[in-house]
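The next block holds one structure in the form of structure tokens; read it before the comments.
The values are calculated or read from the model by the stated rules, or taken from the named source; none is laboratory data. Keep in mind the model is a prediction, meaning the values are calculated, not measured. Don't worry about glycine lacking a Cβ; one is built from the backbone with ideal geometry, like all the others, and counts go over all protein chains shown. Accessible surface areas use protein heavy atoms only, side chains included; no ligands, DNA or RNA. Shrake-Rupley method; radii C 1.70, N 1.55, O 1.52, S 1.80 Å.
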Amino acid sequence: MDLNHVAVFARVVELESFTAAANQLGLPKSSVSRTVTRLEEELGVRLLQRTTRTLHLTDAGHAYYERARVALSGLDEAASAATNLSVEPRGVVRVTAPSDASTLNLACIVARFTKQYPLVHIELSLSSRAVDLVAEGFDLAVRAGKLSDSTLIARKIGLDSMGVFASASYLRRRGRPKAVADLASHDCLLFRGKNGKSEWRLSGPKGEESVTVRGPLSVDEMSFAQLAVAAGLGIGLLPTMAVKLRAPSRDYPTPVRILPEYSLGGAGLFVVTPSLRFQPAAVTAFRDFLIQELSLFWNRP
């Protein structure tokens, strides 16, 4: 099988257009169309449904593209790695990370990297939203939670779970819940709650238990939720690793884990890139450095 045929097919799928793929590849549109047709003939299946205005992947085409994309990325990464051996990393690397990335020791990681690679400039954007890496021109991202975009190339750093936390001052004032059902009578901090309430589904010794909780505050930013719980506002369902990593202060002491046998399923921490294809040496160097340093930091005792 001619790998050039596979690469042309992948470019058509990524750009959703024979014309756009032909323009990017510097080929006539008819050549691109014939190449995809030959690939379908070689495989004996139809990969794309074509109309005068649109094209859609068939089920077979979708399955083939998902596997071909990974294979092509691997080949490009191998070639890039060989080329980058003789290229000194330099230039700008655009990175996006969660707004509470300070808990990940990210500033120290960047400081160590730029000391090692003084010709690289890191442009870091902190945001609580899921940034579109391709549309907004980012080279890589640090993501927490579940990844919804299957086109991203992701490297998992670790898993975290959600636990129930409260400040010592709140527990002295309101008492400590003894069971999941007790949370219904407490002030709870609601992460993206609706109409002043939220349903928490916790797994524990009795399996999954659910409780409807209420509280004085709903927020959509987890770092603020952690601070509000630490300040004594109420009981919160927080990422256990984030609580562990955040440095305490006089106003925001470390919250106390309550009902420790109960938790909510784990979310991941990932370093993601839109593609491994033709990455500059600076991007490759920072990606690998970031993965190594975050892994050491995340898994420390």
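Among the numbered conditions (1) in contact (Cβ under 8 Å) with a residue 12 or more places away in the chain; (2) not in a strand (DSSP E or B), tell me where Lys178 comes up short.
Unmet condition: (1).
Can you name the strands (runs of 3 or more DSSP E) wholly within the range 197-275 that have at least 1 residues being over 25 Å from the mean Cα position of the chain (by Cα)?
197-204, 207-219, 235-239, 256-258
Could you list, in sequence order, the residues of the range 73-101 that are among the aliphatic types (A, V, I, L, M), over 17 Å from Tyr117 (Cβ atoms) and modelled with pLDDT of 80 or more?
Selection gives Ala97 alone.
Checking the conditions here, which among Gly236, Gly204, Gly232 is in contact with an Asp or Glu (Cβ under 7 Å, 6 or more places away or on another chain) and either surrounded by fewer than 20 Cβ atoms within 10 Å (Cβ to Cβ) or not polar (S, T, N, Q) (or both)?
Gly204
With respect to Ala144, determine if the residue is open to solvent by 30 Å² or more (accessible area, probe 1.4 Å), modelled with pLDDT under 80 and of a type in the set (A, V, I, L, M, F, W, C).
Yes: the conditions hold for Ala144.
In this structure, is Arg38 open to solvent by 60 Å² or more (accessible area, probe 1.4 Å), assigned to a helix (DSSP H, G or I) and either farther than 17 Å from Pro274 by Cβ or in contact with a Leu (Cβ under 9 Å, 6 or more places away or on another chain) (or both)?
Yes, satisfied.
Yes or no, residue by residue, for (1) open to solvent by 20 Å² or more (accessible area, probe 1.4 Å); (2) at negative phi; (3) not aromatic (Phe, Trp, Tyr):
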{"position": "Ala228", "(1), (2), (3)": "no, yes, yes"}
{"position": "Arg246", "(1), (2), (3)": "yes, yes, yes"}
{"position": "Ile258", "(1), (2), (3)": "no, yes, yes"}
{"position": "Tyr262", "(1), (2), (3)": "no, yes, no"}
{"position": "Asp288", "(1), (2), (3)": "yes, yes, yes"}
{"position": "Glu293", "(1), (2), (3)": "yes, yes, yes"}
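Criterion first (assigned to a strand (DSSP E or B) and closer than 26 Å to Leu106 by Cα) does Leu147 satisfy it?
no
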